[in-house]
Each structure stands twice: as C-alpha cells, then as structure tokens.
Ligand code: KG4
Ligand code: ZN
C-alpha cells in the first residue's frame, strides 16, 4: 500500500487558468479538495478566437490568485503538499511557460517534487480520477482543440488509433454557429437549434467514412454548411428559422455519424487487446452533446462495452486532471527538475505520426 499523496495541479495551456488540489490514498477514491478555473472567454470575445499573447498575459496575472484560492479552498498551506504538477504542453506556448514558471517557483520555494504533465494525458487519465477505471481503456477526446482516439494502457502508455486531420469537432460546431448567426460557443447553440430541425433535409458529407482507419476530417463540413446557406439566400433572399434548425440538425447528425462510425473501428482494435472490463470514456466539451453521446452509448451497449462520461467540469480544461495525472506519474517514478521545459507540441503516442494542422487552441499534438 503506497502513501497518501496531496498534489497541487496547474493548467494554463489555452484559455483557462486553473489550479486544483487532489488527495489520494491507494485503494480509495481520490478526493478533489479544490478545483478553481478562471476562464478568459470575455477577453477573447471580440477576436473570433483565442489570442495567444492576451492569453499568456492573463495566465501570468491570474495564476498566483488561482493557486491561493485553491489552497484556501483545500484548507492547506503549501508545506502540506507532496508535489506540484503542471501542464508542460502541448498548447499555446506563452501560457504553458507561465504555468511552468509558476510551478517551478512553488516547487523550489517549498522544496516539493515537480511533475510536468502532458495536457492530453490529463484528459486521458480523468476516468481514473472519477471512476477508478482500470487499464486498458479506450478514450475519445473530443473538444474545441482535440479529437483523437487513445488506447490507454498506463499513465505513460498511450496508442493513438486516429484523430482529426484538420478541424476539431468543437471548432466545426463553433464555425457552423458563426455561419448561421448563432451565439458562441457554437456547440450548445447548434444543439438547441437542432432539436426543432429535420436531420435528413440536408445531406451533409461524412468525410473519410469510407477510408480505413480511425482518422477523421471536419473542415469540409463547414464548407458544405456555407454552400447550403448561400444556396438558400440566393433562392429566397434569406434563411428562415426552420431552415436554420434543419441545417443544424443535418450538421449534428453528420458529426455524430462520423464519430460513432470511427469509434466502432477504434473499439474493434481495442477489443483485440482482450480487456477484462472493456470501457470507452469520453472527454471534452463536445461530449456534452446529447445526440453524439446517445450515439456512442448505443454503440457501446451493442458491443458490451461500458460507456463513461466524467462530469463536464472535469471533461473540459481544468487543473484537477493535471494534479491527478501528476500523482499517477509520481507513483510511476517521474520526477522533473528546474530544467523542465514548456512544449508547444507533445504527442502522447511517441510512435504515431504527427497530427496535421493547428487548432484554435494552438498546435495539435
Ligand atoms: O473541452 P472544451 O471546453 O475546451 C477545449 O476545446 O479544450 O470544449 C469546448 C468546445 C467548443 O468548441 C464548444 O462549442 C463545444 O466544445 N461544445 C459542444 C457542446 N458544448 C460545448 N459541442 C457540441 N455540443 C455541445 N452541447
Ligand atoms: Zn483540453
């Protein structure tokens, strides 16, 4: 039986400054003692995306107060911690550097171990924090910045089975909302509109569906939406509320079909490992979409696979997942020194070919 560990986690790789404290005793459910997230949505609202320089400055300004708030919420002094974990990449480099510098200062000042965590590993290990899921499991990360299938075998053992070769699905939702004059973030707006829509009126493409493997593409969908919208405008001089709902429903169904179809293939690869308790876990904002979630749940039921979706506040960017990944990596022997570097790109699967392109949240890993 290992020792009880209490870790502070820091996250600043995109547009959320976050600090959290996790305590874990082996064999017991981990405790989230604090989980503070300070978002920057308002700062970037006028720019149509995250502005890296603004994000970095805001992280530098906010990190200290987030740490203080998290420690106060946990009722702990820095000296009561066993380690400091920080996102060391991938992400927008200015923000990642701010976090790494802050963590180094705290670790050096209090004489604590420092653990650099891969942001994607944070997401991928979350089902172990929330549900004590056993390895190996299949993970689908699906958000505004990520979209990939990971076969998770250990705290540092990931195989990427496939991912998007261009936009992440959340970006496609956001762009669709923009094209139709709906509010940002686009996902919830499009989902709401789609409830009143006819999903079969517009036949949008299912890119790469007929290609083998688990890679996906979502950038062509927004061009299809643009064409459908412009055709309606040319024909009738504008689009009605019903047109908009139908486009949203058709788009959402296309994204669901691609994600479910590719998940089916990823499950086949995963099941070949003969897991004793097969499970698919999802993370990321798009996993909040009920149509997509429903499609994945049905597929899992058919395949005899458990479906897990951690609560949204732990699915989207947060520092609890970083503190938890730090504890897992610490138990597995990782230690970083003052030479820990911030990395804009950091693929989880060292053997996989690099992902193409760059999302709204910086380089894709
Ligand atoms: O995980 P997240 O909060 O941040 C990162 O991208 O890392 O995900 C945000 C993305 C946005 O693109 C948002 O439009 C999308 O998740 N999203 C949704 C829904 N809620 C949020 N997409 C589809 N349906 C939703 N209900
Ligand atoms: Zn993320």
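The values are calculated or read from the model by the stated rules, or taken from the named source; none is laboratory data. Given the structure is predicted, the values throughout are model-derived calculations rather than measurements. Heads up, the Cβs are rebuilt from the backbone with ideal geometry, glycines too, and the neighbour counts pull from every protein chain shown.
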Inset, instruction - Find the residue count for the stretch 285-299, including only residues that are under 13 Å from residue 139 (Cβ atoms) and more than 16 Å from ligand 2 (Cβ to nearest atom). - result: 1
Inset, instruction - Go through (1) at pLDDT 95 or above; (2) away from ligand 2 (no atom under 16 Å from the Cβ) one by one and return the number of the condition residue 282 breaks. - result: (2)
Legend entry - residue 280 being without any contact (Cβ under 8 Å) to a residue 40 or more places away in the chain and either loosely packed, with under 14 Cβ neighbours inside 10 Å or in contact with a helix residue (DSSP H, G or I) (Cβ under 9 Å, 6 or more places away or on another chain) (or both): no
Legend entry - Condition broken by residue 94, with the remaining ones in (1) away from ligand 2 (no atom under 16 Å from the Cβ); (2) farther than 28 Å from residue 173 by Cα satisfied: (2)
Legend entry - Matching entry among 325, 309, 319 (being in contact (Cβ under 8 Å) with a residue 12 or more places away in the chain, within 20 Å of residue 280 (Cβ to Cβ) and surrounded by 24 or more Cβ atoms within 10 Å (Cβ to Cβ)): 325
Inset, instruction - Test residue 327 against the stated conditions and say whether it is part of a helix (DSSP H, G or I), under 16 Å from residue 85 (Cα atoms), modelled with pLDDT of 95 or more and within 14 Å of ligand 2 (Cβ to nearest atom). - result: no
Legend entry - Hits in the stretch 128-149 - residues which are within 27 Å of residue 25 (Cβ to Cβ) and away from ligand 1 (no atom under 14 Å from the Cβ): 128, 129, 130, 131, 132, 133, 134, 135, 136, 137
Inset, instruction - Count, please, the residues in the stretch 178-196 that happen to be part of a loop (DSSP other than H, G, I, E, B) and under 23 Å from residue 233 (Cβ atoms). - result: 6
Inset, instruction - Please tell me if residue 10 is assigned by TED's automatic domain parsing to the domain that holds residue 340, buried (at least 24 other Cβ atoms within 10 Å of the Cβ) and touching a strand residue (DSSP E or B) at 6+ places or on another chain (Cβ under 9 Å). - result: yes
Inset, instruction - Scan the stretch 102-115 and give yes if some residue there is within 15 Å of ligand 1 (Cβ to nearest atom) and touching a helix residue (DSSP H, G or I) at 6+ places or on another chain (Cβ under 8 Å), otherwise no. - result: no
Legend entry - Verdict on residue 260 being surrounded by fewer than 22 Cβ atoms within 10 Å (Cβ to Cβ), assigned to a helix (DSSP H, G or I) and in contact with a helix residue (DSSP H, G or I) (Cβ under 6 Å, 6 or more places away or on another chain): yes
Inset, instruction - Please give the number of the condition residue 285 fails out of (1) surrounded by fewer than 21 Cβ atoms within 10 Å (Cβ to Cβ); (2) closer than 30 Å to residue 183 by Cα. - result: (1)
Inset, instruction - Kindly provide the set of residues from the stretch 141-177 that are free of Cβ contacts under 8 Å to residues at least 40 places away in the same chain, away from ligand 2 (no atom under 16 Å from the Cβ) and either in contact with a helix residue (DSSP H, G or I) (Cβ under 7 Å, 6 or more places away or on another chain) or outside any strand (DSSP E or B) (or both), ordered by number. - result: 177
Inset, instruction - State whether the residues of the stretch 220-232 include one that is closer than 21 Å to residue 142 by Cα and in contact with a strand residue (DSSP E or B) (Cβ under 8 Å, 6 or more places away or on another chain). - result: no
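For (1) within 16 Å of ligand 1 (Cβ to nearest atom); (2) touching a residue at least 60 places away in the same chain (Cβ under 8 Å); (3) assigned to a loop (DSSP other than H, G, I, E, B), each residue gets a yes or a no:
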site	(1), (2), (3)
198	no, no, yes
208	no, no, yes
225	yes, no, no
238	no, no, yes
248	yes, yes, no
254	yes, no, no
273	no, yes, yes
Legend entry - Selection from the stretch 90-127 of residues that are at pLDDT below 95 and not in a helix (DSSP H, G or I): 90, 91, 92
Inset, instruction - Please determine, by comparing only the residues of the stretch 50-84 that are in contact (Cβ under 8 Å) with a residue 40 or more places away in the chain, surrounded by 14 or more Cβ atoms within 10 Å (Cβ to Cβ) and not in a helix (DSSP H, G or I), which one is farthest from the chain's Cα centre (by Cα). - result: 76
